[in-house]
Amino acid sequence: MKILLVSDIHYSLKQFDWLVQVAPNFDLLVIAGDLLDVAGHADLDTQIVVVSQYLERLRGATRVLACSGNHDGDMKNDAGEYVADWLQDVREENLSVDGDTVDVGNLRATVCPWWDGPVTRENLSAMLDEARGEGSGRWLWIHHAPPDGSPVSWTGKQFAGDAHLLELLERLKPFCVFSGHIHHSPFHDGGSWVSRIDDTWTFNPGCEMGAPPAHIVIDFDAMEATWRSSMGEEKIDLAAPGDATPRPT
Amino acid sequence: MSNIPDAIAQLPLKTFEEGDHVIEEGGPPGQLLFLESGAVEVSKAGLRLAKVREKGAVFGEMSVLLNMPHTATVSAVSAATFRVAENPEDFMASNPEVAMYIARTLAGRLDGLNKYLVDVKAQFSDFDDHVSMVDGVLGSLMNRQRRDIERRPQPGP
Ligand SMILES: [Zn+2]
């Protein structure tokens, strides 16, 4: 199964166009949050219309999983926390969003919402506990913020990931987590697009302007992952023992 | 939508069941409807364009104001109730705050459209085709008095 992972598209129309073009080549497309751009020219209301139509196209080409990021909230819940209500509206066959757990091949994927406050965060914990299931398949989380303390959350100066996610991850031990959020982690010394916390693989493709977006192609059958960006291409052997490091190809 | 004029709440209520067509694409202008509760779907030629559930959302206004057939179908996706003005022009004339409310809705829509297109042009600024002209054309369209130029039927090809 070939997976394409992108994140932080931030309403880049060219990047969405590129996704539409390449989506048929993959079994699964994961968009790990920040589909919208709160600082963008077009109103968020308009951006939602446009992005919803892209998602509709993408799900026609392949199976799509999309979680919300900090840019994607369009409504507040009763506790005053931002949630991506619009994503709930685009949920369809072949398109899973915040709150969904689906089995795809030998993967069990859980799509996590961006948590803006304690209520959403506690819901997320409860949701993951429930989604844990029998655990025969490999468990994949899609979660916009990367785990704290990992190279995939390195800003160049500090780790700026999610400490709560790190706790969840250490407790529930998923097979891997797909994130984004820290745009430049893969481009900084000390940062990376792939790392491992105990036995959990963590990925963050990073964010660049223009098409194609920085992206990761993951093949868990062959146990390899490839990152492509303006920096070129790097590969990692996920089956290699010990502290695997990515290498340029 | 905020600041819904009180006059709208005085209009009679009409209820639609799930699946009912509230407005039919191509149908003649007539009523002006304001969503009170429930949700509707707007579609055109069978293609879903939008889902609307905001209280006070207005339907049929383009058709009333421009005296043209409805450009889209509105159907209830759940039981939905509307405040209905059977004589929209009279209703607006006697309730200027409603006319203002609709004008504001339309201005907001135009502003959103404008920003969308300016952004498309910015994101595709390396394109040398019509896309590169979008903001210029838009600037003209947004800042002039619209002329209604008659479409004269042509005798030949
Ligand atoms: Zn971002």
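The values are calculated or read from the model by the stated rules, or taken from the named source; none is laboratory data. Since we're looking at a predicted model, the values are computed, not measured. With ideal geometry, Cβ positions are generated from the backbone for all residues, glycine too; neighbour counts draw on all protein chains shown.
Structure above, values below:
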item: Where a residue in the stretch A:112-135 is over 14 Å from A:D162 (Cα atoms) and modelled with pLDDT under 95 and its partner, wherever it lies, is of a type in the set (A, V, I, L, M, F, W, C) and in a helix (DSSP H, G or I), with Cβ under 8 Å and at least six apart; result: A:L128/A:L168; A:L128/A:L172; A:D129/A:L172; A:R132/A:L172
item: Per-region count, the stretch A:107-152, residues within 16 Å of the ligand (Cβ to nearest atom) and part of a helix (DSSP H, G or I); result: 1
item: Flag if B:V134 is within 14 Å of another protein chain (Cβ to nearest Cβ) and within 30 Å of A:K14 (Cα to Cα); result: yes
item: Filter result for B:D128 (under 30 Å from A:D17 (Cα atoms), within 13 Å of chain A (Cβ to nearest Cβ) and more than 16 Å from the chain's Cα centre (by Cα)); result: no
item: When residues of the stretch B:39-96 are limited to those that are among the basic types (K, R) and within 14 Å of another protein chain (Cβ to nearest Cβ), the one farthest from A:W86 (Cα to Cα); result: B:K44
item: Cβ pairs under 6 Å, 6+ apart, first in the stretch A:158-183 and away from every other protein chain (no Cβ under 14 Å) and closer than 12 Å to A:T200 by Cβ, second within 14 Å of the ligand (Cβ to nearest atom) and part of a loop (DSSP other than H, G, I, E, B); result: A:L165/A:H143; A:V177/A:H143; A:F178/A:A32; A:S179/A:A32; A:S179/A:H143; A:S179/A:P146; A:S179/A:N204
item: Test result for A:H71, within 16 Å of the ligand (Cβ to nearest atom), out of contact with any strand residue (DSSP E or B) (no Cβ under 7 Å at 6 or more places or on another chain) and within 30 Å of A:L13 (Cβ to Cβ); result: yes
item: Selection within the stretch A:180-209 - under 9 Å from A:S150 (Cβ atoms) and part of a loop (DSSP other than H, G, I, E, B); result: A:S192, A:N204
item: Test: residue in the stretch A:205-218 that is away from chain B (no Cβ under 14 Å), within 15 Å of the ligand (Cβ to nearest atom) and of a type in the set (D, E); result: yes
item: From A:A84, A:A109, residue being farther than 19 Å from B:K51 by Cβ, buried (at least 19 other Cβ atoms within 10 Å of the Cβ) and among the aliphatic types (A, V, I, L, M); result: A:A109
item: Residue ID - nearest to the ligand (Cβ to nearest atom), chosen from residues in the stretch A:16-29 that are out of contact with any helix residue (DSSP H, G or I) (no Cβ under 7 Å at 6 or more places or on another chain) and within 14 Å of another protein chain (Cβ to nearest Cβ); result: A:W18
item: Filtered residues of the stretch A:30-43 (kept if more than 10 Å from chain B (Cβ to nearest Cβ) and surrounded by fewer than 23 Cβ atoms within 10 Å (Cβ to Cβ)); result: A:V38, A:A39
item: From B:D119, B:D111, residue being under 21 Å from the mean Cα position of the chain (by Cα), under 30 Å from A:G210 (Cβ atoms) and within 13 Å of chain A (Cβ to nearest Cβ); result: B:D111
